[in-house]
1. Which numbered condition in (1) under 30 Å from Y49 (Cβ atoms); (2) touching a residue at least 12 places away in the same chain (Cβ under 8 Å) is the only one that D142 fails?
2. Report yes if some residue within region 83-98 is more than 17 Å from the chain's Cα centre (by Cα) and among the hydrophobic types (A, V, I, L, M, F, W, C); otherwise report no.
3. Could you identify the single residue in D142, D201 that is at pLDDT 95 or above, of a type in the set (D, E) and either surrounded by 18 or more Cβ atoms within 10 Å (Cβ to Cβ) or closer than 24 Å to D99 by Cα (or both)?
4. Is it true that D72 is part of a helix (DSSP H, G or I) and either more than 18 Å from T28 (Cα to Cα) or touching a residue at least 60 places away in the same chain (Cβ under 8 Å) (or both)?
5. On the basis of being free of Cβ contacts under 8 Å to residues at least 12 places away in the same chain, touching an Asp or Glu at 6+ places or on another chain (Cβ under 7 Å) and either at negative phi or aliphatic (A, V, I, L, M) (or both), does R133 make the cut?
6. Sort out which residues of region 9-52 are modelled with pLDDT under 95, of a type in the set (D, E, K, R) and surrounded by 14 or more Cβ atoms within 10 Å (Cβ to Cβ), and write them in order of number.
7. Suppose the filter is in contact with a Phe, Trp or Tyr (Cβ under 8 Å, 6 or more places away or on another chain) and either farther than 20 Å from N108 by Cβ or assigned to a helix (DSSP H, G or I) (or both); does I178 pass it?
8. Please work out which one of (1) surrounded by 14 or more Cβ atoms within 10 Å (Cβ to Cβ); (2) among the polar types (S, T, N, Q); (3) in a loop (DSSP other than H, G, I, E, B) is the condition S217 fails and give its number.
Amino acid sequence: MLPYNLDIIENIIKGELVYKDEKLLNYTIKYPQFVCDNYKVFIYKLNEYYKIKNDMYQKVHLSELFQMSIADYENAIANDYPVRPYEVVTEYTVTLNQDCFISLYFDNYEYTGGAHGMTTRTSDTWSLEGRKRLTLSDLFPDDFDYKKYLTTDIINQINKEISEGNNVYFDDYAKLVIENFNVNNFYLTPDGIVIYFQHYDIAPYSSGIRTFTIPYSENVVMKPSCSVAK
């Protein structure tokens, strides 16, 4: 099979929610639409998945945030506090787009008052030929303890960072890496698997979302190819 990339169309939804002539919630939501001459049925389902996911987010979560913003507005007016509009920004980044694989992550930023907002990251990796979402276990040999392998590698990377003077982690980072390791928190790049941790998982908010690249290797971390999609 010859290599190819999917074309990507960016959908952007912008809006504001108003209460008593006051703009209480501004939102900008971006999500992808894929175009490909191959795997047309699966690509259609993939596009429907992201469209429906976005629609549900707007109907349910944005509605809940708007109700929260109204309550905060009424409290602010009653107590002569400044009104702080809520803000939501969802963006995506495609990290791998080749052969029969697509990998991407979404950063969802929400500001609901206070000192700063919060960004939560989610990610998906799809095998077009396998017509499925790939899991971490798909990239390792069967019966291999990949969780231990990955957490050990991550802790070693942090140890190296600290030895070089870049200590941006909580003191008990080694314990936290193991406790907060999430098999869903990964995406693929041409260089390897990237494992990420949310704000406060292993480091203070100011340290951001921490990411760790685990390079592909011949016998342990399998580089995705159309033939390994289980």
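The values are calculated or read from the model by the stated rules, or taken from the named source; none is laboratory data. Remember, predicted model here, so these are calculated numbers, not experimental data. Positions of Cβ are generated from backbone atoms using ideal geometry, with glycine treated the same way; all protein chains shown enter the neighbour counts.
1. Result: D142 fails condition (2) only.
2. yes
3. Values: D142 fails: at pLDDT 95 or above.
Going through D142, D201 in turn, the sole match is D201.
4. yes
5. Details: free of Cβ contacts under 8 Å to residues at least 12 places away in the same chain: yes; touching an Asp or Glu at 6+ places or on another chain (Cβ under 7 Å): yes; either at negative phi or aliphatic (A, V, I, L, M) (or both): yes.
Answer is yes for this residue.
6. Within region 9-52, no residue meets the criteria.
7. no
8. S217 satisfies every listed condition except (1).
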